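Peer 1: If you scroll down you'll find the structure; I have some questions about it.
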Amino acid sequence: ARPPLILGLESSCDDTAAALVRGREVLSNVVMGQAELHATFGGVVPEIAARAHAEKLDLAVQAALREAQVKLADIDAVAVTAGPGLIGGVLSGVMCAKGIAAGARKPLIGVNHLAGHALTARLTDGLPYPYLMLLISGGHCQYLIARGPGEFRRLGGTIDDAPGEAFDKTARLLGLPQPGGPSVEAAARSGDPSRFSFPRPLLDRPGCDLSFSGLKTALLRERDKLVDRQGGLTETDRADLCAGFQAAIRDVLTEKTRRALALYAEEEPELPAFAIAGGVAANTAIRTELETLCASKDIRFTAPPLSLCTDNAAMIAYAGGELFAQGACDDMGLAARPRWPL
Ligand code: KG4
Ligand code: ZN
């Protein structure tokens with residue numbers, strides 16, 4: 001039988017997204033970003049995000065249907081991010097999905113945003129369960145063993161900031177545009193990572209918990225020293241600061257991944273597979289280093305294409321499809337949850 005055709009909706013942060021997915025086939029994947037709306041505030045403003053989602057969701061759905069040449073009547077279910085995230089945005093998505101489900105008489109499936117990221121490796125590469133995954137985004141950082149669409153075990157994670165948050169704050173401190181990840185990565189390309197020495201937090205502690213808030217403080221200190229001495233920052237200073245900062249994050253993620261892989265191997269010695277997901281997985285320096293680590297250990301490595309690393313609805317539709325195949329279904333009581341650990 002053909003896999004079910006799923007309409008997915010995503011609105012938990014600052015991207016309004018809708019997609020149509022059948023099994024592993026992405027028929028359309030519409031993402032309407034809100035970067036310009038939040039640009040002058042230096043971060044996502046929840047109230048502005050919620051209003052924009054409410055205004056744009058219907059348009060995103062319409063565009064996704066048109067692009068896939070599909071009618072609402074043809075879909076098998078509606079999957080929607082029901083958390084975790086900014087509650088106003090999640091509510092907008094859940095309300096929209098309920099309206100569609102009721103109007104078109106289709107089953108409704110609430111999806112955990114983190115599960116969407118976590119299953120992206122299956123959507124893009126058909127990675128079989130189980131596998132170890134590292135979710136690194138603007139709001140999250142954790143090592144998970146994935147055993148099913150609703151079956152995850154957490155091995156460790158950040159004790160303070162997420163790495164994407166650290167990239168965003170670094171960009172703000174250096175006057176680079178948001179989102180910070182891509183602009184810091186671009187600046188780092190011409191920089192000297194050894195000019196400034198940044199800490200490698202928690203490497204002295206066992207396990208695979210991480211910490212990123214100290215890095216930001218270290219960066220602030222180096223910036224202020226330069227500003228005091230020369231009255232501002234040169235392009236070279238910025239590039240060197242970004243390169244040093246990015247190298248520190250890369251080193252910490254690599255060493256903690258080495259440890260997480262060892263923990264995973266104790267549970268699943270036969271099936272070594274590692275996947276990364278989330279916006280920070282778009283970073284080439286980090287990706288390359290993790291790929292090299294896996295290659296040296298003969299571990300299958302999967303990283304989604306850049307467009308599926310950051311927030312999108314294809315991953316929500318895909319995860320919804322897996323849950324649907326297992327018989328999952330929600331009713332009109334589906335709640336929007338600001339917090340929802342996997
Ligand atoms: O997964 P995502 O789109 O949203 C969340 O669920 O958080 O991740 C967004 C985060 C932002 O913090 C952004 O700065 C970061 O991913 N990011 C990057 C890169 N591209 C996006 N961080 C480092 N390098 C990149 N190339
Ligand atoms: Zn995300």
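Peer 1: So Ala247 clears everything in (1) within 14 Å of ligand 1 (Cβ to nearest atom); (2) surrounded by fewer than 16 Cβ atoms within 10 Å (Cβ to Cβ) except one condition, right? Which one?
Peer 2: It is condition (2) that Ala247 fails.
Peer 1: Moving to a separate point now. For Gly83, state whether it is among the small types (Gly, Ala, Ser) and either out of contact with any Phe, Trp or Tyr (no Cβ under 7 Å at 6 or more places or on another chain) or at negative phi (or both).
Peer 2: Answer is no for this residue.
Peer 1: Tell me which residues, restricted to segment 114-133, are within 10 Å of the chain's Cα centre (by Cα) and either away from ligand 2 (no atom under 14 Å from the Cβ) or over 18 Å from Val26 (Cβ atoms) (or both).
Peer 2: Scanning segment 114-133 gives a single hit, Leu114.
Peer 1: Related question: Among the listed residues Gly191, Gly156, Gly214, Gly164, identify the single one that is more than 23 Å from Gly83 (Cβ to Cβ) and not in a loop (DSSP other than H, G, I, E, B). Let's see the steps before the verdict.
Peer 2: Working: Gly191 fails: not in a loop (DSSP other than H, G, I, E, B); Gly156 fails: more than 23 Å from Gly83 (Cβ to Cβ); Gly164 fails: more than 23 Å from Gly83 (Cβ to Cβ).
Of the residues listed, the single one that is more than 23 Å from Gly83 (Cβ to Cβ) and not in a loop (DSSP other than H, G, I, E, B) is Gly214.
Peer 1: State all residues of segment 260-290 that are closer than 21 Å to His140 by Cβ and free of Cβ contacts under 8 Å to residues at least 60 places away in the same chain; if no residue qualifies, say none. Give the derivation first.
Peer 2: Filtering segment 260-290 down to residues closer than 21 Å to His140 by Cβ leaves 260-261, 263-264, 273-287, 289-290.
Passing the criteria: Arg287, Glu289.
Peer 1: Determine the pairs where a residue that is closer than 15 Å to Gly43 by Cβ, located within segment 169-189, has a partner that is outside any helix (DSSP H, G or I) and near ligand 1 (Cβ under 8 Å from one of its atoms) with Cβ atoms under 7 Å apart, the partner being 6 or more residues away or on another chain.
Peer 2: Note: pairs meeting the criteria are Ala171/Gln178; Gly181/Asn283.
Peer 1: Is it the case, given these coordinates, that Leu173 is more than 16 Å from Thr234 (Cα to Cα) and surrounded by fewer than 19 Cβ atoms within 10 Å (Cβ to Cβ)? Please lay out each step first, then the result.
Peer 2: On the way: more than 16 Å from Thr234 (Cα to Cα): no; surrounded by fewer than 19 Cβ atoms within 10 Å (Cβ to Cβ): yes.
Criteria not met by Leu173.
Peer 1: Lys216 - would you say it is charged (D, E, K, R), assigned by TED's automatic domain parsing to the domain that holds Ala281 and away from ligand 1 (no atom under 15 Å from the Cβ)? Reasoning before the result, please.
Peer 2: Values: charged (D, E, K, R): yes; assigned by TED's automatic domain parsing to the domain that holds Ala281: yes; away from ligand 1 (no atom under 15 Å from the Cβ): no.
Against the criterion (charged (D, E, K, R), assigned by TED's automatic domain parsing to the domain that holds Ala281 and away from ligand 1 (no atom under 15 Å from the Cβ)), Lys216 does not qualify.
Peer 1: Could you please give the count of residues in segment 255-285 that are away from ligand 2 (no atom under 16 Å from the Cβ) and not aromatic (Phe, Trp, Tyr)?
Peer 2: First, the residues of segment 255-285 that are away from ligand 2 (no atom under 16 Å from the Cβ): 255-274, 284-285.
The next check asks that each one be not aromatic (Phe, Trp, Tyr); those that pass are 255-263, 265-273, 284-285.
Final tally of qualifying residues: 20.
Peer 1: Regarding segment 277-294, can at least one residue be identified that is outside any helix (DSSP H, G or I), in contact with a Pro (Cβ under 9 Å, 6 or more places away or on another chain), more than 25 Å from Val61 (Cα to Cα) and not assigned by TED's automatic domain parsing to the domain that holds Ala104? If you could, list the steps in order and put the result at the bottom.
Peer 2: Looking only at segment 277-294, we keep the residues that are outside any helix (DSSP H, G or I), and these are 277-278, 283.
Cutting the leftovers down to in contact with a Pro (Cβ under 9 Å, 6 or more places away or on another chain) gives us 277-278, 283.
If we keep only those that are more than 25 Å from Val61 (Cα to Cα) as well, we get 283.
The next check asks that each one be not assigned by TED's automatic domain parsing to the domain that holds Ala104; those that pass are 283.
The answer is yes, given that some residue of segment 277-294 is outside any helix (DSSP H, G or I), in contact with a Pro (Cβ under 9 Å, 6 or more places away or on another chain), more than 25 Å from Val61 (Cα to Cα) and not assigned by TED's automatic domain parsing to the domain that holds Ala104.
Peer 1: Here is a follow-up. Is there any pair with a first residue in segment 4-17 that is part of a strand (DSSP E or B) and a second that is within 14 Å of ligand 2 (Cβ to nearest atom) and among the β-branched types (Val, Ile, Thr) whose Cβ atoms are under 6 Å apart and which are 6 or more apart or on different chains, and what are they?
Peer 2: Gly8/Ile316; Glu10/Thr81; Glu10/Ile316; Asp15/Val31; Ala17/Val31
Peer 1: Which numbered condition in (1) surrounded by 22 or more Cβ atoms within 10 Å (Cβ to Cβ); (2) within 16 Å of ligand 2 (Cβ to nearest atom) is the only one that Pro182 fails?
Peer 2: Status for Pro182: all satisfied but (1).
Peer 1: Going through segment 29-50 one residue at a time, which ones are at pLDDT 95 or above and either in contact with a helix residue (DSSP H, G or I) (Cβ under 7 Å, 6 or more places away or on another chain) or not β-branched (Val, Ile, Thr) (or both)? I'd like the intermediate steps shown before the answer.
Peer 2: Initial filter on segment 29-50 (at pLDDT 95 or above): 29-32.
Residues satisfying the conditions are Asn29, Val30, Met32.
Peer 1: With respect to Ala328, is the statement that it is over 17 Å from the mean Cα position of the chain (by Cα) and surrounded by fewer than 17 Cβ atoms within 10 Å (Cβ to Cβ) true? First the steps, then the outcome.
Peer 2: Details: over 17 Å from the mean Cα position of the chain (by Cα): yes; surrounded by fewer than 17 Cβ atoms within 10 Å (Cβ to Cβ): no.
No, not satisfied.
Peer 1: I've got another one for you. Can you find a residue that is touching a residue at least 24 places away in the same chain (Cβ under 8 Å), charged (D, E, K, R), away from ligand 2 (no atom under 13 Å from the Cβ) and under 26 Å from Glu165 (Cα atoms) anywhere in segment 54-73?
Peer 2: Checked against the condition, which is being touching a residue at least 24 places away in the same chain (Cβ under 8 Å), charged (D, E, K, R), away from ligand 2 (no atom under 13 Å from the Cβ) and under 26 Å from Glu165 (Cα atoms), segment 54-73 yields at least one hit.
Peer 1: Now for a different question. Yes or no: Leu91 in a strand (DSSP E or B) and either assigned by TED's automatic domain parsing to the domain that holds Leu9 or in contact (Cβ under 8 Å) with a residue 24 or more places away in the chain (or both)?
Peer 2: On the way: in a strand (DSSP E or B): no; either assigned by TED's automatic domain parsing to the domain that holds Leu9 or in contact (Cβ under 8 Å) with a residue 24 or more places away in the chain (or both): yes.
It is false that Leu91 is in a strand (DSSP E or B) and either assigned by TED's automatic domain parsing to the domain that holds Leu9 or in contact (Cβ under 8 Å) with a residue 24 or more places away in the chain (or both).
The values are calculated or read from the model by the stated rules, or taken from the named source; none is laboratory data. Bear in mind that the values here come from a model prediction, so they are computed numbers and not experimental data. As a convention, Cβ positions derive from the backbone with ideal geometry for all residues, glycine included, and neighbour counts pool all protein chains shown.
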